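Just below is one structure, and these are the notes that go with it.
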Amino acid sequence: MSLVAIVGRPNVGKSTLFNRLVGMRQAIVDETAGVTRDRHYGKSEWCGREFSVVDTGGYTSNSDDVFEEEIRKQVVLAIEEADLVLFMVEAQTGVTDYDAEIAELLRKSGKPVVLCCNKVDSGEKIYGAYDFYSLGLGEVWSISAANGGGTGDLLDEICRRLPEDTGPADGHPELPHIAIVGKPNVGKSSMTNALLGTERNIVTPVAGTTRDSIATLYNKFGYEFMLVDTAGMRKKSKVHEDLEFYSVMRAIRSIEHSDVCILMIDAQTGIEAQDMAIFNLIQKNRKGCVVVVNKWDTVEKDNNTMKQYTEAIRSRLAPFNDIPIVFTSVINRQRIMNVLDEAMHVYGNYSKKISTSVLNEEMLPEIENYPPPAWKGKYIKIKYATQLPTKFPCFAFFCNLPQYIREPYRRFVENRLREKFDFTGCPVQIYFRQK
């Protein structure tokens, strides 16, 4: 599938156009310049033609800002991997030095370029668009990304200039989605980069560097899945900026749309109230979970440190005690592959389907040995069980008096199921239904 990269200086409306092309509010849009930092991918379709779109941060140069140098590298990478570059400028400001610098960069790249002038939302503003012919990149397409004016003609031109499709679509809805979640600055983007083996996402010591949820296809070592890096989630009382509010909402949505969540915690601080809040969110959404303790190299250790640390985490997570815990140091590339193996093991459990015959063979003898306690002189008889067609493991046990089965017996059945069929790291839901 062809790839179109949207590039331009900060605050010209790249993310607004990106959201319009992919048909959803996927990238955060705010009046503040420099909101987008990492490359952000989506899929667009026009007149039966599908192509991928990548939104980039605003291109600047010679800046002291720690982010802007990293954003510039991401823009250059996006240009390199794109089949066509959509160069975005803005009518009101006219040609700036940054515009001229980007135009020079695009000429050197040799990639096909479509030049579009944004914020042309009234008749007289179109005259400002003519200045951009001086960049020497051919025809200027006037649009208004906010209200959609001119975007149809722009899409016609993009489809005309794109090379013929060579590969399959890369939306990958059928692939597992693994989200890396946690508080700010625990090393989520570093973990993503370490797993991918490239500097895919921007990493700085500043908490809150990642703002959008960034999805990337992982296809190595026999594994194939979508890896989603998310923004750090702080306590609600500490979120003051609109931008951070949107970032946290995107992170929560990433949890909702994932299959397995890698919950990263800081080895120095241990599992805190906010880590528990994120863990409870994962549980509430019925997702698989792997706990990763990062920055393990910074902890003073003796022979029992890891064992004690594991026990402390398990006591906090109780009663969900069968969640894998991996101790890593992303900087030292320590046990990175273990995280991957555990995440895929949990996904295997999460998507496991057990036939009705095997389920009854294993579970009915257990239930006969330890039947539900009688209630008010009434005896409860469980006849058979079956797995329900849901995304996560969900079972129905059919019996004569389901209303008299209490929570302790439900937990007993769940524990037997986990022992027999290995549901490590993932939720199990049990229903007792009338036969």
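Does the range 255-276 include one or more residues that are closer than 18 Å to Met191 by Cα, at pLDDT below 85 and among the β-branched types (Val, Ile, Thr)?
Yes, because at least one residue in the range 255-276 is closer than 18 Å to Met191 by Cα, at pLDDT below 85 and among the β-branched types (Val, Ile, Thr).
Restrict the check to the range 399-420 and report whether at least one residue is under 26 Å from the mean Cα position of the chain (by Cα), open to solvent by 40 Å² or more (accessible area, probe 1.4 Å) and modelled with pLDDT of 90 or more.
First pass over the range 399-420, keeping only residues under 26 Å from the mean Cα position of the chain (by Cα): none.
There is no residue in the range 399-420 that is under 26 Å from the mean Cα position of the chain (by Cα), open to solvent by 40 Å² or more (accessible area, probe 1.4 Å) and modelled with pLDDT of 90 or more.
Name, by its number, the condition in (1) part of a loop (DSSP other than H, G, I, E, B); (2) at pLDDT below 90; (3) under 37 Å from the mean Cα position of the chain (by Cα) that does not hold for Met337.
(1)
Taking only the range 83-98 into account, find how many residues are assigned to a helix (DSSP H, G or I) and closer than 18 Å to Ser15 by Cβ. Don't jump to the end; show me each part of the working.
Here is the first cut: in the range 83-98, the ones assigned to a helix (DSSP H, G or I) are 97-98.
From what's left, closer than 18 Å to Ser15 by Cβ: 98.
Residues meeting the conditions: 1.
With the condition kept exactly as written, say whether any residue in the range 23-40 is assigned to a strand (DSSP E or B) and either more than 18 Å from Ser142 (Cα to Cα) or modelled with pLDDT under 55 (or both).
The answer is yes, given that some residue of the range 23-40 is assigned to a strand (DSSP E or B) and either more than 18 Å from Ser142 (Cα to Cα) or modelled with pLDDT under 55 (or both).
Determine the pairs where a residue that is free of Cβ contacts under 8 Å to residues at least 12 places away in the same chain, located within the range 181-195, has a partner that is open to solvent by 30 Å² or more (accessible area, probe 1.4 Å) and outside any helix (DSSP H, G or I) with Cβ atoms under 7 Å apart, the partner being 6 or more residues away or on another chain.
What qualifies is Asn193/Glu199; Asn193/Val203.
Filter the range 104-160 for residues that are of a type in the set (A, V, I, L, M), within 23 Å of Glu50 (Cα to Cα) and in contact with a Phe, Trp or Tyr (Cβ under 7 Å, 6 or more places away or on another chain) and give the result.
Here is the first cut: in the range 104-160, the ones of a type in the set (A, V, I, L, M) are 105-106, 113-115, 120, 126, 129, 135, 137, 140, 143, 145-146, 154-155, 158.
If we keep only those that are within 23 Å of Glu50 (Cα to Cα) as well, we get 113-115, 143, 145-146, 154-155, 158.
Within the range 104-160, Val113, Val114, Leu115, Leu154, Leu155 meet the criteria.
What are the residues in the range 104-126 that are modelled with pLDDT under 90 and aliphatic (A, V, I, L, M), if any?
Passing the criteria: Leu105, Leu106, Val120, Ile126.
Table: residues versus (1) modelled with pLDDT of 85 or more; (2) outside any helix (DSSP H, G or I).
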| position | (1), (2) |
| --- | --- |
| Gly128 | no, no |
| Trp141 | yes, yes |
| Glu157 | yes, no |
| Glu164 | no, yes |
| Gly167 | no, yes |
| Gly171 | no, yes |
| Glu199 | no, yes |
| Arg211 | no, yes |
| Ala215 | no, yes |
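The values are calculated or read from the model by the stated rules, or taken from the named source; none is laboratory data. Please read all numbers here as calculations on a predicted model, not as lab measurements. FYI the Cβ positions are ideal-geometry reconstructions off the backbone, even for glycines, and counts take in every protein chain you see. Protein only, heavy atoms only, side chains kept; ligands, DNA and RNA dropped before computing areas. Shrake-Rupley method; radii C 1.70, N 1.55, O 1.52, S 1.80 Å.
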